[in-house]
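**Q** Pasting a structure here, questions to come.
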Amino acid sequence: MNIDYSTSQPQSVAERLLLLLKTRGPLQAADAGKILGTTGEAARQQFVKLAKEGLVVAEAQTKGVGRPIQLWRLTEAGNARFPDAHSELTVQLLRMVRTKLGEEALNLLIDTREQETRDLYCQAMEGAHNIDERVERLVAIRSQEGYMAECQTQADGSILLIENHCPICAAATSCQGFCRAELSVFQQALGVPVERIEHILSGSRRCTYRIKLE
């Protein structure tokens, strides 16, 4: 069963722990318990149950002298609990387009989606008075679309757009033109340079974009 966090908040402790690992990355049980308002031991017990289901795994990490610390992270099965929009069907359709109609037809499909997304995002930016408002609106749109988006302002004044989940990951893996198109859409919707500095398809746990203010 997939967990859809686009319309509601997770209810059970197990679901909240999975979401926490998804959005924060690997954590110690004590830290996870503190964030959720419970004890580290209670969080550890939940992690053990999730590990038996194959959703999380514990890894030892050494930091200087002393005993290694135990970090919990999502497994591939744990990541799969978060929705990927009709992944198998999407990949099959993309493969059919490429095989039957050729690469040019596939590029046309991506370009059409890019144009429609650009129009939607640019329309959402109407009335925004500054880059901060535009970024906030983009975060809201992307979160509604299932990307678990957030933003962080950096010391140098730049803004990070962080997407903790990719609901089209299977499609993007099959055809990375989707990722290229998204970056282009972000730049045009925000009206400033945007650089991707973390990429799920390159092995990162999330996609992160640096928004450079002019």
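Every number here is computed from the coordinates shown, using simple stated rules; none is lab data. Since we're looking at a predicted model, the values are computed, not measured. Note that we place each Cβ from the backbone using ideal geometry, even for glycine, and neighbour counts take in every protein chain shown.
**Q** Need one number for the chain: average projected area of the convex hull over its C-alpha atoms, nm².
**A** 14.4 nm²
**Q** How far is helix 40-52 tilted, in degrees, relative to the longest principal axis of the Cα atoms in the chain, given as a value from 0 to 90 rounded to the nearest 10?
**A** 70 degrees
**Q** Right, here's the next one. Can you work out ³J(HN,Hα) from phi for every residue in the range 71-77, in order, using Karplus 6.51 cos²θ - 1.76 cosθ + 1.60 and θ = phi - 60°, giving whole Hz and x for Gly and Pro?
**A** Each residue of the range 71-77 in turn: 10, 9, 9, 6, 8, 4, 5 Hz.
**Q** Then there's this: If you project the alpha carbons of the range 13-79 onto the principal axes, what extent comes out on each, in Å, largest first?
**A** 34, 27, 21
**Q** Now for a separate question. Taking the range 73-181, which GluC sites (Glu not before Pro) meet the DSSP loop condition and have no more than 11 other C-beta atoms within 10 Å?
**A** Counting only loop positions with at most 11 other Cβ atoms within 10 Å, the GluC sites (Glu not before Pro) in the range 73-181 are Glu126.
**Q** Would you kindly enumerate the cysteines in the chain that have no other Cys beta-carbon under 4.7 Å from their beta-carbon?
**A** Among the cysteines of the chain, those whose Cβ sits 4.7 Å or more from every other are Cys122, Cys151, Cys175, Cys179, Cys207.
**Q** Tell me, what ³J(HN,Hα) does each residue in the range 204-213 have, in order and in whole Hz, if you take phi through Karplus 6.51 cos²θ - 1.76 cosθ + 1.60 with θ = phi - 60° and put x for Gly and Pro?
**A** Each residue's phi maps through the Karplus curve to give 6, 7, 7, 9, 10, 10, 9, 9, 8, 7 Hz.
**Q** Could you work out the helix-only [θ] at 222 nm for the chain, with each DSSP H run of four or more residues adding -39,500 (n - 2.57) and the total divided by the number of residues, to the nearest 500 deg cm²/dmol?
**A** About -14500 deg cm²/dmol.
**Q** Cα axis of helix 87-96 to longest principal axis of the chain: angle in degrees, 0 to 90, nearest 10?
**A** With both axes taken from Cα atoms, the answer is about 40 degrees.
**Q** Where nothing but the Cβ of Lys and Arg (+1) and of Asp and Glu (-1) is charged, how large is the charge dipole of the range 78-182 around its Cα centre, in debye to the nearest 20?
**A** 420 debye
**Q** With the dipole of the range 87-211 worked out from charges on the C-beta (+1 for Lys and Arg, -1 for Asp and Glu) around the Cα centre, which of Asn107, Val135, Ala155 lies farthest toward the positive end?
**A** It is Asn107, whose Cα lies furthest towards the positive end.
**Q** Using the basic label-point model (7 angstrom from Cα toward the beta carbon), what is the Gln70 to Leu183 distance in nanometres?
**A** 4.0 nm
**Q** To continue, here is another question. Fewest Cβ neighbours within 10 Å first, please rank Met125, Met96, Met148 accordingly. All intermediate terms of the calculation are to be shown ahead of the outcome.
**A** Working: Met125 17, Met96 11, Met148 20.
Arranged by neighbour count, lowest to highest, Met125, Met96, Met148 become Met96, Met125, Met148.
**Q** Right, another one. Under the Kirkwood approximation for Rh and a Cα-based Rg, what ratio Rg/Rh is obtained for the range 127-214?
**A** Over the Cα atoms of the range 127-214, Rg/Rh equals 0.95.
**Q** Further, regarding this structure: Using +1 on the beta carbon of Lys and Arg, -1 on that of Asp and Glu, and nothing else charged, what's the dipole of the chain about the Cα centre, debye to 20?
**A** 900 debye
**Q** I need the phi-derived Karplus couplings for the range 127-133: 6.51 cos²θ - 1.76 cosθ + 1.60, θ = phi - 60°, integer Hz, Gly and Pro marked x.
**A** With coefficients 6.51, -1.76 and 1.60, one gets x, 6, 8, 8, 5, 4, 5 Hz.
**Q** Would you list, by chain and number, the lysines whose Cα falls below 22 Å from the Cα of Lys63, excluding same-chain residues fewer than 8 positions away?
**A** Lys34
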